[in-house]
Every structure is written in C-alpha cells, then in structure tokens.
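One structure is given here, and the rest of the page talks about it.
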Amino acid sequence: MALTLTKGNEAIAEGAIHAGCRFYFGYPITPQNDIPEYLAREMPKIGGTFIQAESEIASINMVLGAAAAGARVMTSSSGPGVSLMQEGISYLAGSELPALVVYISRIGPGLGGIAPTQGDYKQVTSGGGHGDYYTIVLAPASVQEMFSLTIKAFELADKYRNPALLLCDAILGQMKEPVEIGPRPDFKDISLPDKPWALNGNAGRKSNLIKSLYLGDGEMEVQNWMLFDKYNKMKQEDTYFETTDVDDAELLVVAFGSCSRMAQTGIDMAREQGMKVGMLRPISLFPFPEKAVAELSARIPKVLVVEMNTGQMYKDVKVNLDRAADIHLYARPGGGLPTPDDVLEEIKKIY
Amino acid sequence: MSENITPATGPKKIMGRPKCLNDVTFHFCPGCNHGNVHKMIGEAIDEYGIQDRTIGVAGVGCGVFLYNYVDVDVLEAPHGRACAEATGINRVHPDKIIFTYQGDGDLAAIGLAETVHTANRGENITVIFVNNTVYGMTGGQMAPTTLLGQKSTTSPYGREFMGDGYPIKMCEMLATLEGTAFVARVACDTPKNLMTAKKAIKKAFKMQIDQMGFSFVEILSTCPTNWGMTPQQAYKRVAAEMIPYFPLGIFKERTTADYM
C-alpha cells in the first residue's frame with residue numbers, strides 16, 4: 001500500500017473518519033487545531049457533523065449527547081481545555097457512554113505553553129474528573145500509530161461503553177511521517193456495534209434511560225464495583241505495550257509516546273557501545289502494563305524511566321517493580337526534551 | 001341491581017393522566033408546579049402523537065426525575081449542560097423531538113453559556129424552563145432569578161443588586177437572538193394562566209415539529225417549601241411579585257424557518 005506523508009494531528013482526524021466517526025464537537029486550542037480544521041473541511045463532504053462549540057464544556061457535553069444518541073463521536077483538546085472537560089468525562093464514565101477524547105498535551109500548569117510535554121499522564125491515567133473511574137488511555141509513538149490507535153480507541157470505547165483517550169503531544173501532532181492509510185471506506189462498509197441502549201425514541205420498546213444518578217441505599221456502591229470489574233476486564237484483555245531488545249538486556253528503559261522515540265535512539269547508541277539495553281514502551285497507559293513491568297524487572301535488574309514530566313509514570317513503574325530491581329528516573333518537565341545523547345549519558349551512569 | 005338496565009350514555013371522560021405519563025405519584029412538594037408542567041408536556045406529546053420519537057434531557061435540580069414520570073427516552077445531563085446534550089442528540093437524530101427540562105439555577109446560572117449558544121445556533125429543540133426563583137433541590141439558595149429583596153438561604157438579608165446583581169430575564173435576553181423561533185413566558189397560578197401555559201408548551205413543540213428552530217417556554221412556578229409559604233400564599237406571590245417583574249407573554253414567534 002502506498003505511503004503518504006501525513007501530519008500527526010491529521011492522521012488522527014483521518015483515522016476517526018476511517019473508524020466511522022461522523023460527529024465532532026470541539027473548541028480551538030493550540031497545539032491540536034489541525035484536528036478540528038481538518039474535520040471542519042472533511043465532515044461536510046461525508047455527511048458528517050462538525051460543530052465549533054462555545055467552550056470545551058459545551059463540546060464534551062455535545063459529545064455526551066451524541067454518544068447517548070448512539071453515535072460514534074469525538075472531541076479533541078489540550079491542557080486547560082481537557083481540564084474543563086473533566087466533568088463531562090466523569091459523566092461519560094458514570095453513564096457508561098463510549099466516546100473518544102484526543103489530548104494533544106501542552107505544558108502546564110495554568111496557561112503554561114505549547115511545547116511538547118508528558119505532564120498530563122497523571123491526570124489522564126487517574127480518571128481526571130470526580131469519582132472512582134478510569135478512562136482507557138492509549139499513547140501513540142508515531143504518526144502511523146496516531147492513525148491506527150484512533151480506530152482502536154473507538155473500538156475499545158464501544159467494547160467497554162467507556163470514554164477512551166488518546167494522549168499525544170506537540171511533537172507527534174506536528175510532525176510528518178510516511179503513513180499507510182489506505183482509501184477511505186464507505187460508511188456503510190464500516191462495522192459499528194449495535195447499541196440497543198441508545199436514545200432514539202421508544203418505538204417498539206420500553207423507554208431507554210441514560211443516567212449517572214443513583215440515590216437508592218447501596219445502589220452507588222454496586223455501580224462502583226460494576227465499574228471496577230470493567231476496569232479489571234480491560235487490564236486482562238486490552239493492555240498493550242511493545243518491547244525491544246529485552247531478551248539479553250541488563251538495563252530496561254521504560255518510556256512512552258514521543259519520548260520513547262528519543263529514548264530508543266539513545267538505546268541504539270548504547271548498544272553500539274556494547275551495553276545491553278532494552279525498552280518497554282507502554283502503549284495503553286490505562287490499563288498500564290503492570291505485569292510486563294513485574295516480569296521484565298524480575299530478570300532485568302536495572303530500570304530507567306525516561307519521561308517528559310517530573311516522574312509521573314515512574315510511580316506506576318515503581319509500584320509494579322520486582323523488589324530486587326533498582327529504579328532510576330530521567331525526567332524532563334516543562335517542555336524539556338531528552339536528546340538521545342542525554343539518554344545515553346543516563347544509561348552510562350547506571351549501567 | 002338489575003342486569004337489564006344499561007345506561008344509554010355514561011359520563012364522558014374529558015380529562016385524565018396523559019398516556020405518556022407513568023402511573024406513579026410525583027415526589028414534588030404540595031403546591032409545587034413541576035407536576036403541572038410535567039402534565040402539560042405529557043399532554044402535548046400525546047396530542048401530537050410523538051411519544052415514540054421524543055427524547056427528553058433532564059437538568060439537575062428537582063426536575064431531574066423527569067425520567068420517572070414521562071415515558072420517553074431520557075438522558076440525565078450534567079448540571080447546566082442540558083442544551084449541549086440536546087444539541088448532540090439533535091445532530092444525531094434530527095428527525096426526533098428533543099426537549100430539555102431545566103430549572104433556573106441549571107439554565108440561567110451554571111448553564112447560561114450553553115443555553116444562549118444553543119439558542120443562537122437555532123438548534124431545533126424545545127427548552128422548558130421552570131423558574132421558581134430559588135434552588136429547590138439543594139435547599140433554597142439564591143438563584144439567578146431570585147427577586148430583589150427575596151430572602152433565601154444564601155441571601156438571608158434579601159437579594160441586593162449591589163452585591164448580587166439583578167434577577168435575570170431569560171425570555172427578554174433570548175428573544176434578541178436571531179436563532180430563537182419561539183420565546184414565551186407563562187405562569188401556573190390561575191386556571192386561565194394554566195391554559196395559556198399549555199398552549200405555549202404545545203406551540204413550542206409544534207415549532208420544533210415544523211423545524212422552525214429553537215423554542216423556549218419559561219414557566220413561572222411556585223416553591224412553597226423553600227419560600228416558607230403555604231401553597232395558597234405561594235400562588236399569590238406569583239401574581240403579586242413574580243409576574244410584575246417577569247411579565248407574561250410571547251416575546252418572539254417566528255413564522256418561517258430560517259432556511260425557507
């Protein structure tokens with residue numbers, strides 16, 4: 001199949017179209033504007049709906065309405081915008097509605113800046129809004145994955161009736177890579193799941209109700225345990241990660257997203273110098289590859305976490321680490337980029 | 001009693017529970033108008049025969065239990081966001097009849113932006129706005145429509161414009177927007193006003209059925225519990241205090257849809 005040179009943000013937008021998403025609601029914020037701009041142009045051509053809402057709060061609630069109506073639906077945003085969406089994301093989780101939120105991170109806290117960062121790992125992997133819930137979080141590391149994981153995220157959202165989130169940053173969003181995308185499928189050829197719970201009028205059936213309010217004695221505890229079981233099922237069936245060069249490794253680097261690309265080059269340089277270094281790249285940040293960390297650290301005694309924040313994924317790695325393994329952190333928050341040379345230096349220090 | 005006697009014509013049923021209202025007891029307090037409004041919505045749905053294609057969106061407040069009473073598909077929306085939810089549903093199902101049911105805190109305070117922009121988009125939905133000048137479900141706090149001088153749990157000395165601003169007039173504001181098709185304010189305090197209210201609610205649904213755009217009915221309502229009044233006193237207050245500040249009437253009625 002022919003490769004096309006595609007920008008990361010546009011690969012997400014095209015992935016959504018390939019996934020059968022015909023509803024987009026969003027609000028402008030840098031560095032993700034290519035997504036709404038692409039869909040504002042393309043949706044009318046394919047019978048889809050694009051609305052520029054009055055805020056991120058309105059966007060996520062339009063998403064909630066369209067999801068309740070049974071549509072495959074998405075929004076995209078960044079930092080402050082995703083913070084505003086957290087109420088709605090909590091309601092999506094509480095109402096068990098599938099939807100995709102694309103998160104192209106910018107530096108925080110506050111207005112921060114638009115440079116690449118992984119400072120939102122903690123926010124997205126801990127649910128983000130109020131209540132005892134989680135969202136599915138996938139973290140692409142290439143433009144190709146931005147396309148394919150967008151489709152995957154929609155499928156997982158529908159499978160679990162739960163919001164899914166794609167976490168990227170400005171490096172991935174703005175860079176162009178050759179991608180295999182293929183021709184756009186006709187909507188009728190895209191397989192979408194039946195949604196008998198959706199709101200579309202009660203003709204020929206009992207009325208459907210979508211809510212997250214449970215006031216009865218003990219009802220909410222039952223609801224929370226039900227959600228807990230769902231998250232455990234995600235852990236068992238839909239944890240994704242990639243390993244490279246781990247078979248003979250004596251040091252394991254753990255990194256995700258754009259950071260893993262820079263770390264991988266550092267690892268390759270270390271290998272050239274005779275150091276046996278391997279890589280674990282979590283692809284699903286929730287569910288986190290807990291077992292992979294435990295098993296790999298049981299035979300690879302040294303672990304180096306590299307991330308573009310002050311050590312957020314580090315905690316998830318540490319809690320799942322084999323007790324005999326040593327853990328180290330190379331952290332670059334606030335738009336700092338770890339170069340391959342930086343990573344090599346860190347590897348040398350602890351190898 | 002003889003079996004041979006059959007009345008030629010029995011009493012004719014002229015009114016009763018609308019078909020689309022579930023046969024359950026309302027949880028509303030004595031003297032509250034939510035029950036009246038539910039019934040009028042139910043009658044409008046029955047009279048247009050649209051029960052199987054109607055979708056309700058319940059705001060947060062005493063009206064959230066809409067889904068227990070009106071037998072249509074219902075979404076419970078986050079506080080204030082019902083118009084955004086209704087927008088999402090409307091874009092997926094433009095052929096369905098979609099209404100929101102919202103109180104004054106929900107619609108005119110936390111959800112003001114969503115309300116105004118949904119109206120401005122001319123979204124083809126119907127908004128039923130119950131204005132009782134107080135947050136009912138949370139226990140009687142000051143609402144955006146609380147009248148000047150009115151005491152509430154968070155304006156214990158009475159609302160003052162210097163600190164709290166003025167009670168907001170939603171109909172007057174929304175009527176200025178190009179996107180609105182029908183904007184009316186009604187009340188439930190007298191049989192005559194109830195009949196007018198019913199007409200306005202029916203008209204609002206008709207506007208939507210005819211694809212005319214955003215239709216909005218504000219219903220001045222009682223909250224005896226949080227006003228600290230008997231139902232009779234509360235009804236009198238609607239006429240004596242609310243209607244003078246919130247005048248009744250049709251503020252806008254479009255005759256042709258935008259696209260025509």
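The values are calculated or read from the model by the stated rules, or taken from the named source; none is laboratory data. None of these values were measured; they are calculated from a predicted model. Don't worry about glycine lacking a Cβ; one is built from the backbone with ideal geometry, like all the others, and counts go over all protein chains shown.
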*asked:* Return the residues of region B:109-126 that are closer than 25 Å to B:K202 by Cβ and either among the small types (G, A, S) or part of a loop (DSSP other than H, G, I, E, B) (or both); say none if nothing qualifies.
replied: B:G111, B:A119, B:R121, B:G122, B:E123, B:N124, B:I125
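Filter region B:36-58 down to the residues that are assigned to a helix (DSSP H, G or I) and free of Cβ contacts under 8 Å to residues at least 24 places away in the same chain and list them by number. Reasoning before the result, please.
At the first step, the residues of region B:36-58 found to be assigned to a helix (DSSP H, G or I) are B:36-48, B:51-53.
Scanning region B:36-58 gives B:K39, B:D52.
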*Which residue pairs have Cβ atoms under 9 Å apart, sit 6 or more places apart or on different chains, and have a first residue in region B:8-28 that is more than 22 Å from B:I55 (Cβ to Cβ) and a second that is loosely packed, with under 10 Cβ neighbours inside 10 Å and not basic (K, R)?*
none
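Just to be sure before I move on: is B:T126 closer than 27 Å to B:E178 by Cα and surrounded by 17 or more Cβ atoms within 10 Å (Cβ to Cβ) in the structure I sent? Reasoning before the result, please.
Details: closer than 27 Å to B:E178 by Cα: yes; surrounded by 17 or more Cβ atoms within 10 Å (Cβ to Cβ): yes.
When the stated conditions are applied, B:T126 passes them.
Do the conditions hold for A:G65, that is, is it modelled with pLDDT of 95 or more, at the interface with chain B (Cβ under 10 Å from one of its Cβ atoms) and closer than 21 Å to B:E76 by Cβ?
yes
Scan A:G81, A:G70 and give me the residue that is of a type outside the set (A, V, I, L, M, F, W, C) and either within 14 Å of chain B (Cβ to nearest Cβ) or part of a loop (DSSP other than H, G, I, E, B) (or both). Give the derivation first.
Details: A:G81 fails: either within 14 Å of chain B (Cβ to nearest Cβ) or part of a loop (DSSP other than H, G, I, E, B) (or both).
Result of the check over A:G81, A:G70: A:G70.
Anything in region B:64-88 that is in a helix (DSSP H, G or I), within 7 Å of another protein chain (Cβ to nearest Cβ), of a type outside the set (S, T, N, Q) and in contact with a helix residue (DSSP H, G or I) (Cβ under 7 Å, 6 or more places away or on another chain)? List them, or say none. Outline the logic, then answer.
So in region B:64-88, the residues in a helix (DSSP H, G or I) come out as B:64-69, B:82-88.
Subset that is within 7 Å of another protein chain (Cβ to nearest Cβ): B:64, B:67, B:84-88.
Applying the additional criterion that residues be of a type outside the set (S, T, N, Q) yields B:64, B:67, B:84-86, B:88.
Residues satisfying the conditions are B:A84, B:E85, B:A86, B:G88.
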*If we scan region A:242-254, do we find a residue that is over 25 Å from A:Q174 (Cα atoms), of a type in the set (S, T, Y) and in a strand (DSSP E or B)?*
yes
_Out of A:S83, A:S105, I need the residue that is under 19 Å from A:T125 (Cβ atoms) and touching a Cys at 6+ places or on another chain (Cβ under 9 Å). Which one?_
A:S105
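Can you spot a residue in region A:167-189 that is touching a residue at least 40 places away in the same chain (Cβ under 8 Å), under 24 Å from B:N90 (Cα atoms) and assigned to a helix (DSSP H, G or I)? Outline the logic, then answer.
Here is the first cut: in region A:167-189, the ones touching a residue at least 40 places away in the same chain (Cβ under 8 Å) are A:167-182, A:184-185, A:187.
With the extra rule that they be under 24 Å from B:N90 (Cα atoms), the set shrinks to A:187.
This time we only want the ones that are assigned to a helix (DSSP H, G or I), so: A:187.
Taking every residue of region A:167-189 in turn, at least one turns out to be touching a residue at least 40 places away in the same chain (Cβ under 8 Å), under 24 Å from B:N90 (Cα atoms) and assigned to a helix (DSSP H, G or I).
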*Out of all the residues in region B:127-137, is one or more in a helix (DSSP H, G or I) and within 27 Å of B:K198 (Cβ to Cβ)?*
no
*Specify which of the listed residues (A:S260, A:S284, A:S212) is of a type in the set (S, T, Y), outside the structural domain of A:I104 (by TED's automatic domain parsing), surrounded by 20 or more Cβ atoms within 10 Å (Cβ to Cβ) and under 28 Å from A:D132 (Cα atoms).*
A:S284
_Test: B:R91 is without any contact (Cβ under 8 Å) to a residue 40 or more places away in the chain and facing chain A (nearest Cβ under 7 Å)_ = yes
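Here is a check on your reading of the model: is B:G111 within 18 Å of B:F26 (Cβ to Cβ) and either more than 7 Å from chain A (Cβ to nearest Cβ) or touching a Leu at 6+ places or on another chain (Cβ under 7 Å) (or both)? Break it down into steps so the answer makes sense when it comes.
Values: within 18 Å of B:F26 (Cβ to Cβ): no; either more than 7 Å from chain A (Cβ to nearest Cβ) or touching a Leu at 6+ places or on another chain (Cβ under 7 Å) (or both): yes.
It is false that B:G111 is within 18 Å of B:F26 (Cβ to Cβ) and either more than 7 Å from chain A (Cβ to nearest Cβ) or touching a Leu at 6+ places or on another chain (Cβ under 7 Å) (or both).
Looking at this structure, is B:G61 under 20 Å from B:G136 (Cβ atoms), in contact with an Asp or Glu (Cβ under 7 Å, 6 or more places away or on another chain), in contact (Cβ under 8 Å) with a residue 40 or more places away in the chain and more than 11 Å from chain A (Cβ to nearest Cβ)? So that I can check it myself, show each step before the final result.
On the way: under 20 Å from B:G136 (Cβ atoms): yes; in contact with an Asp or Glu (Cβ under 7 Å, 6 or more places away or on another chain): yes; in contact (Cβ under 8 Å) with a residue 40 or more places away in the chain: yes; more than 11 Å from chain A (Cβ to nearest Cβ): yes.
Considered against the rule, which asks whether it is under 20 Å from B:G136 (Cβ atoms), in contact with an Asp or Glu (Cβ under 7 Å, 6 or more places away or on another chain), in contact (Cβ under 8 Å) with a residue 40 or more places away in the chain and more than 11 Å from chain A (Cβ to nearest Cβ), B:G61 comes out as yes.
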_Looking at the structure I just gave you, is A:E96 assigned to a loop (DSSP other than H, G, I, E, B), surrounded by fewer than 24 Cβ atoms within 10 Å (Cβ to Cβ), outside the structural domain of A:L285 (by TED's automatic domain parsing) and in contact (Cβ under 8 Å) with a residue 24 or more places away in the chain?_
yes
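Any chance you could count how many residues in region B:201-223 are under 21 Å from B:I168 (Cα atoms) and not in a loop (DSSP other than H, G, I, E, B)? Lay out the reasoning, then the answer.
Taking region B:201-223 as the starting set, the residues that turn out to be under 21 Å from B:I168 (Cα atoms) are B:214-223.
Among the residues that remain, those that are also not in a loop (DSSP other than H, G, I, E, B) are: B:214-220.
Residues in region B:201-223 being under 21 Å from B:I168 (Cα atoms) and not in a loop (DSSP other than H, G, I, E, B): 7 in total.
Identify the residue in region B:136-191 that is hydroxyl-bearing (S, T, Y) and under 23 Å from B:F216 (Cβ atoms) and, among all such residues, is farthest from the chain's Cα centre (by Cα).
Looking at the filtered set, the residue picked out is B:Y166.
Sort out which residues of region B:173-202 are in contact (Cβ under 8 Å) with a residue 24 or more places away in the chain and more than 23 Å from B:R237 (Cβ to Cβ), and write them in order of number.
Residues of region B:173-202 in contact (Cβ under 8 Å) with a residue 24 or more places away in the chain: B:173-175, B:177-190, B:193-194, B:196-198, B:200-202.
Listed by number, the residues that qualify are B:M173, B:L174, B:A175, B:L177, B:E178, B:G179, B:T180, B:A181, B:F182, B:V183, B:K202.
When you look at A:T30, is it surrounded by fewer than 24 Cβ atoms within 10 Å (Cβ to Cβ), within 12 Å of another protein chain (Cβ to nearest Cβ) and among the β-branched types (V, I, T), yes or no? Show your work before the answer.
Values: surrounded by fewer than 24 Cβ atoms within 10 Å (Cβ to Cβ): yes; within 12 Å of another protein chain (Cβ to nearest Cβ): no; among the β-branched types (V, I, T): yes.
No; evaluated as a whole, the condition is false for this residue.
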*Please indicate, with yes or no, whether at least one residue in region A:171-190 is buried (at least 19 other Cβ atoms within 10 Å of the Cβ), within 14 Å of chain B (Cβ to nearest Cβ) and at pLDDT 95 or above.*
no
*Checking A:S76 against (1) of a type in the set (G, A, S); (2) touching a Gly at 6+ places or on another chain (Cβ under 7 Å); (3) in contact (Cβ under 8 Å) with a residue 60 or more places away in the chain; (4) facing chain B (nearest Cβ under 10 Å), which test does it fail?*
(4)
*Filter region A:198-231 for residues that are charged (D, E, K, R), within 24 Å of B:H79 (Cα to Cα) and not in a loop (DSSP other than H, G, I, E, B) and give the result.*
A:E219, A:E221
